[in-house]
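Encoded as structure tokens, the structure appears first; notes follow it.
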Amino acid sequence: MAQSPIGTCEICVQAPGSQYCKQCRQYFCNNCKTAHLRSKMARNHVFGKRNEIGQEEELLCRHVNQQLFMCLDCDFPLCKTCLVENHNGHNVEDLDKIFSSLHDQASKAMKGIENDFKRKSGGMKTMTTSYEKESEKLERSILLQGELIKSSVDKMVSTIIDDVRKSRGNVKKHYPTCVDDAVSTTCKKWQQQLDEIRPKKATGKTVFEIQKLLDEIKTMELPNLPDVPTVRYSAKPVDEKIIKDLLGGVKFLSFSKPNPKSKELFLVPEGSGYGLRFVGGKDVNEEVYVSFVSSEGPAAKAGLNQFDRIIAVDGKQTKGLTHDEVTSIFKNAKGKENVSITITPFQQ
């Protein structure tokens, strides 16, 4: 126990220590007392005023190395001498027995927490394995969708390219090559005639031949050629949003995130049961609700209240179960050190 001047709080060692914790055997100021009672381990501790503790301090056994008993009425460890002198007629228990009992309780409580953690971690491992398999399946679906989109794009590109090539072939095919050949043939004939006339002497006859050929050339009319079509390609910018819409979206859902309105409590079953009654179930088309809580029972000690909605018992969901099936879960879990119960607290 911390040592401090008489009259001073043994926690902050500043304010007057007017409040005495009987379990911790320490003096507290009012502020430290309030903080102490808010802690989970000390919420049930009993306080008395300094002037009320004088008589209790007179009953304290100072023979620490000789203490063999525990006075259950005063909550003091005792030696044989102090037992006879100051605690005669009180309820007394062997100190070793109390120590062993508390040790067993602490060990059981620790094992209960450990087993509950193992149960939860085992469930998490199962969900993790399930998530990995689902994720791999999802990956294959995304890749398949991507391949389908690429295949569709390739098919569309191929179709457009084929159309362009066909158009090019049609233009080439329908260009007036026959007219071109006819003009070339006529020009060749004229060239041949010119070549034959050129070596001749300039006479009236040869001049007349050349004049006639010239008149024929001048009267030659070229055929009208068809207009050649034009082609354009209007490329659009690649819009990633459109591609994402085609691929679809992925939603990452948390299957282990608890309901923010729910909480998990732990019941320690007693011989009489859990100290609660409930109503509802699938057979009456209702959720499962707490209808009664015994004031001194395990349910009340765990923090359960009337009208709380029971979501799960011992890790098993109550949704879709009948009243008898929920009752069976409670019965089957009764042999455990503690039983988890997940609830949605009743909002008044």
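The values are calculated or read from the model by the stated rules, or taken from the named source; none is laboratory data. Here the structure is a predicted model, which means the values were calculated and not measured. We place every Cβ from the backbone using ideal geometry, glycine too, and count neighbours over all the protein chains shown. SASA here: full protein model, heavy atoms, side chains in, ligands and nucleic acids out. Shrake-Rupley method; radii C 1.70, N 1.55, O 1.52, S 1.80 Å.
Dipole magnitude for the chain: computed about the Cα centre from +1 point charges on Lys and Arg Cβ and -1 point charges on Asp and Glu Cβ, it is near 1640 debye.
Taking amide hydrogens as placed 1.01 Å from N in the peptide plane, the amide H of F278 sits under 5 Å from those of S291, each at least 5 positions away in sequence or on another chain. Axis angle, to the nearest 10 degrees, between helix 204-218 and the longest C-alpha principal axis of the chain: 30 degrees. In order along the range 100-111, the Karplus-derived 3J(HN,Hα) couplings, from 6.51 cos²θ - 1.76 cosθ + 1.60 at θ = phi - 60°, round to 5, 5, 5, 5, 5, 4, 5, 5, 5, 4, 5, 5 Hz, and Gly and Pro are given as x. Mind checking which lysines have their C-alpha under 19 Å from K212, skipping anything on the same chain fewer than 8 residues away? Cα-Cα hits under 19 Å: K188, K189, K200, K201. Straight-line cross-link reach from K155 at under 28 Å between alpha-carbon atoms covers these lysines, not counting any fewer than eight positions away in the same chain: K137, K166, K172, K173, K236, K241, K244.
Quick check: the angle from helix 177-197's long axis to the longest principal axis of the chain, C-alpha only, nearest 10 degrees? With rounding to tens, the tilt is 30 degrees. Please work out whether the chain counts as rounded, prolate or oblate from its C-alpha gyration tensor, where a ≥ b ≥ c are the square roots of the eigenvalues and a/c under 1.5 means rounded, while otherwise a/b larger than b/c means prolate and anything else oblate? Cα axes put the chain in the prolate bin.
Annotation: extensible slack from S291 through I210 equals 16.3 nm (criterion: 0.36 nm per residue apart, minus Cα-Cα distance). Check T318: other-chain or 5+ apart residues with amide H under 5 Å from its amide H, H built from backbone geometry? Result for T318 returns A312, V313. Taking K244, K331, K263 in turn, the Gaussian network model of the chain (Cα-Cα springs below 10 Å) assigns the largest fluctuation to K244. Using heavy atoms of the protein chains and a probe of 1.4 Å, the accessible area assigned to D96 is about 110 Å². Ranking V268, V238 from most to least accessible surface, computed with a 1.4 Å probe over the protein chains only, gives V238, V268. Of E136, E85, E114, the residue with the largest accessible area leads and the full order is E85, E136, E114 (1.4 Å probe). A cut-off of 5 Å between modelled amide H atoms, ignoring neighbours fewer than 5 places along the same chain, links F76 with C71.
Equivalent ellipsoid of the range 126-233: semi-axes from √(5λ) of the C-alpha gyration tensor, largest first, are 75, 12, 7 Å. Derived scalar couplings between HN and Hα for the range 272-281 equal 7, x, 9, x, 8, 10, 9, 10, x, x Hz in order, rounded to whole Hz, by the Karplus curve 6.51 cos²θ - 1.76 cosθ + 1.60 (θ = phi - 60°), x for Gly and Pro.
Given a 10 angstrom Cα cut-off, can you work out which residue in L321, L246, L267 is the most mobile in a GNM of the chain? It is L246. A 1.4 Å probe, protein heavy atoms only, puts the accessible area of S158 near 60 Å². Straight-distance candidates among the lysines for linking to K111, with alpha-carbon spacing under 27 Å and chain neighbours fewer than 8 residues away dropped: K40, K97, K120, K125, K257, K263, K301, K316, K331, K334, K336. With the helix formula -39500 (n - 2.57) applied to DSSP H stretches of n ≥ 4, the chain reaches a computed 222 nm mean residue ellipticity of -16000 deg cm²/dmol.
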